[in-house]
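J.: So that we are looking at the same thing, I have put the structure below in structure tokens.
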Amino acid sequence: MTQRMRIALQLTLAAAIVGLTACGGGNKEAETTPPAETQPPTASASATSSESPSPPAAAFLAPLTGLPAEKEVTNRPFAVMINNLAPARPQSGMTQADVVWELLAEGGITRFVAVFQSKEFVEPIGPIRSIRPYYIQVGEFYGGVLVHAGASNDGFAILQKQKKEHLDEITNAGAYFYRDKSRKAPHNVYSTLEKLREGAEKRKYGTTANVPVFTFNDTPPALATATSAANIDIKFMLSSYKVSYAYDSTKGLYYRSINNEPHIDKNNNEQLSASNLVVLSAKHDIKDSVGRLVVDLNKGGEAILFQQGKAIVCQWERKEGDVIRLMKDGQELPFLPGTTYYHVVPTSNPMDKLVTYQ
């Protein structure tokens, strides 16, 4: 018999002896324990056998979206005024925004404040238009550098007297914007993240800011009793100007249309979408003969939060130095991780006349 065969035989005999010892006695607990298959599974055993291991928690989350980030997101946001007149569509860069606000401008047409922080991209942003006092307020909710092309008289007064940190294509930062020759003025002013950062550095603006802290939850409790809202129509003022959203349950997103046409980002031909839609009812006053508005974003009022094909009727409130918060039964409502779109409609009409859903 070879040495290799002798070793194999020895190992086999040893294993047999160990097996007989384990079965043969001396361990009373082993003798009285019922067979494993007759025991009810414990919670941990059940989870181990029937569920895949949970993915590791993300090391970093983007503060304005709650989405995973490769590194800590501390850069200062840019709050960009984006034109929404028909000749300005499709706009560029909107799908890269963390948060978007839609508010009325003059004449019943809306304008966007798009807040960019967590995503890096090189494509254009625009068309960029002028700023108003309430747009300034929205941009400063997020500690953002204000980006615009001109301003109303009241807007200029606030920017200058209060020394706001802003980049204006007309007065202080023209080199960091450009005109797209394929578009007619004034719907042709654009910039990029790279240019905006160069402009902010040139003006010695801070590169970081204290952005607000939001609560995010993959399964918001209020959805359990919420009303179905897979299709939403929002009318701001003009009957000829209608914003619509359709919920895609496979992607968990609301997709935006305007006047029944998909609202597209020119950079990537993607339809604008969001995980969270907010509609706020706020007081609007006409300030002058041109139709410029004063919009009250402080007092609070009615609101609706749309998530996962459901509508949560709630209230909005804002404390000094804070952003607008959505409240229900004395508790702040969390957002789903993802982009959030806010829509501010006037109190001159009941909410149910301006917002319909099913």
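J.: Please label the shape of region 235-358 as rounded, prolate or oblate, based on the square roots a ≥ b ≥ c of the eigenvalues of the alpha-carbon gyration tensor (a/c under 1.5 means rounded; beyond that, a/b larger than b/c means prolate, else oblate). Show your work: numbers first, answer last.
T.: Working: a/c = 1.76, a/b = 1.16, b/c = 1.51.
Note, shape of region 235-358 comes out oblate.
J.: Let me know the shape class of region 266-333, please: from the alpha-carbon gyration tensor, a ≥ b ≥ c as square roots of the eigenvalues, rounded when a/c is under 1.5, otherwise prolate if a/b is greater than b/c, or oblate.
T.: Oblate shape, in that a/c is at least 1.5 and b/c is the bigger or equal ratio.
J.: What does the C-alpha gyration tensor say about the overall shape of region 88-147? Classify as rounded when a/c is under 1.5, otherwise prolate if a/b is larger than b/c, or oblate.
T.: Values: a/c = 2.10, a/b = 1.22, b/c = 1.72.
Oblate is the answer for region 88-147, as a/c is 1.5 or above yet b/c matches or exceeds a/b.
J.: Over the Cα atoms, compute the radius of gyration (one decimal) and Dmax (the largest Cα-Cα distance, rounded to a whole number) for region 44-182, in Å.
T.: Using the Cα atoms of region 44-182, the pair Rg, Dmax is 19.2, 68 Å.
J.: For a paramagnetic label modelled at 7 Å from the Cα of Gln315 toward its Cβ, which residues of region 295-309 fall within the zone defined by backbone nitrogen distances under 19 Å?
T.: Residues 296-306 qualify, since their backbone N sits under 19 Å from the label point.
J.: Same structure, new question: Show Val213, Val113, Val73 ordered by accessible area, largest first, where the area counts protein heavy atoms only and the probe is 1.4 Å.
T.: Working: Val213 115, Val113 0, Val73 25 Å².
The ordering from most to least exposed comes out as Val213, Val73, Val113.
J.: May I pose another question? Below 8 Å, C-alpha to C-alpha, sequence gap of six or more: please give me the relative contact order for region 94-229 in percent. List each step's numbers first, then the result.
T.: Details: 169 pairs, mean separation 28.0, N = 136.
21 percent.
J.: Over region 201-282, what lengths in whole Å, largest first, do the semi-axes of the equivalent ellipsoid take, defined as the square roots of 5 times the eigenvalues of the alpha-carbon gyration tensor? Mind dumping the intermediate values first?
T.: Details: eigenvalues 150, 95, 48 Å².
Gyration-tensor ellipsoid for region 201-282: 27, 22, 15 Å.
J.: Now for a separate question. Can you list the aspartates and glutamates whose alpha carbon is less than 15 Å from that of Lys328, not counting same-chain residues fewer than 8 positions off?
T.: The qualifying aspartates and glutamates are Glu302, Glu317.
J.: Take the solvent-accessible surface of the protein heavy atoms, probe 1.4 Å, and return the percent of it on region 164-258 that carbon and sulfur atoms account for. Please list the in-between numbers first.
T.: Numbers: 2620 of 5290 Å².
Accessible surface attributable to carbon and sulfur in region 164-258 totals 50 percent.
J.: Keeping all protein chains in place, calculate the accessible area per residue for region 180-333 (probe 1.4 angstrom), answer in Å².
T.: Solvent-accessible surface per residue comes out at 54 Å².
J.: Taking a threshold of 20 Å on the Cα-Cα distance, which of the pairs Lys181/Lys266; Lys164/Lys283; Lys163/Lys287; Lys161/Lys319 fall above it? Mind dumping the intermediate values first?
T.: Working: Lys181/Lys266 15 Å; Lys164/Lys283 25 Å; Lys163/Lys287 23 Å; Lys161/Lys319 24 Å.
Cα-Cα > 20 Å for Lys164/Lys283; Lys163/Lys287; Lys161/Lys319; rest within.
J.: Return the sequence-ordered ³J(HN,Hα) values of region 269-279 in whole Hz as given by the Karplus equation 6.51 cos²θ - 1.76 cosθ + 1.60 applied to θ = phi - 60°, using x for Gly and Pro.
T.: 6, 8, 6, 5, 8, 7, 7, 10, 10, 10, 10
J.: For Gln96, what is the net charge nearby, where nearby means another residue's Cβ is under 9 Å from its Cβ and Lys, Arg count +1, Asp, Glu -1? Spell out each step's value before the answer.
T.: Numbers: positive: Lys119; negative: Asp98, Glu120, Glu123, Asp265.
That sum, taken over residues with Cβ under 9 Å, equals -3.
J.: Counting only residues 5 or more places away or on other chains, whose amide H sits under 5 Å from the amide H of Ala173 once H atoms are built in the peptide plane?
T.: Residues meeting the criterion, in which the H sits 1.01 Å from N, are Asp168.
J.: If we count every other residue with Cβ under 15 angstrom of Leu64's Cβ, Lys/Arg +1 and Asp/Glu -1, where does the sum land? Walk me through the numbers on the way to the answer.
T.: On the way: positive: Arg76, Lys119, Arg325; negative: Glu72, Asp98, Glu120, Glu140, Asp322.
For residues surrounding Leu64, the net value is -2.
J.: Per residue and in Å³, how big is the convex hull formed by the alpha-carbon atoms of region 105-221? Mind dumping the intermediate values first?
T.: Details: hull volume 18.0 nm³, N = 117.
Looking at region 105-221, the number lands at 153 Å³ per residue.
J.: Same structure again: Grab the other residues whose beta carbon is less than 15 angstrom from that of Ala149, score K and R as +1, D and E as -1, and report the net.
T.: Numbers: positive: Arg111, Arg129, Arg132, Arg179, Arg183, Lys184, Lys195; negative: Asp168, Glu169, Asp180.
Net local charge, Ala149 excluded: +4.
J.: Would you mind computing, in nm to one decimal, how far apart the modelled labels at Lys353 and Thr219 are, each placed 7 Å from Cα along Cα→Cβ?
T.: Result for the modelled spin labels: 4.1 nm.
The values are calculated or read from the model by the stated rules, or taken from the named source; none is laboratory data. Source: prediction; values computed, not measured. Every residue, glycine as well, gets a Cβ built from its backbone with ideal geometry; the counts of neighbours run over all protein chains shown. Ligands, DNA and RNA are excluded from the accessible area calculation, which covers all protein heavy atoms including side chains. Shrake-Rupley method; radii C 1.70, N 1.55, O 1.52, S 1.80 Å.
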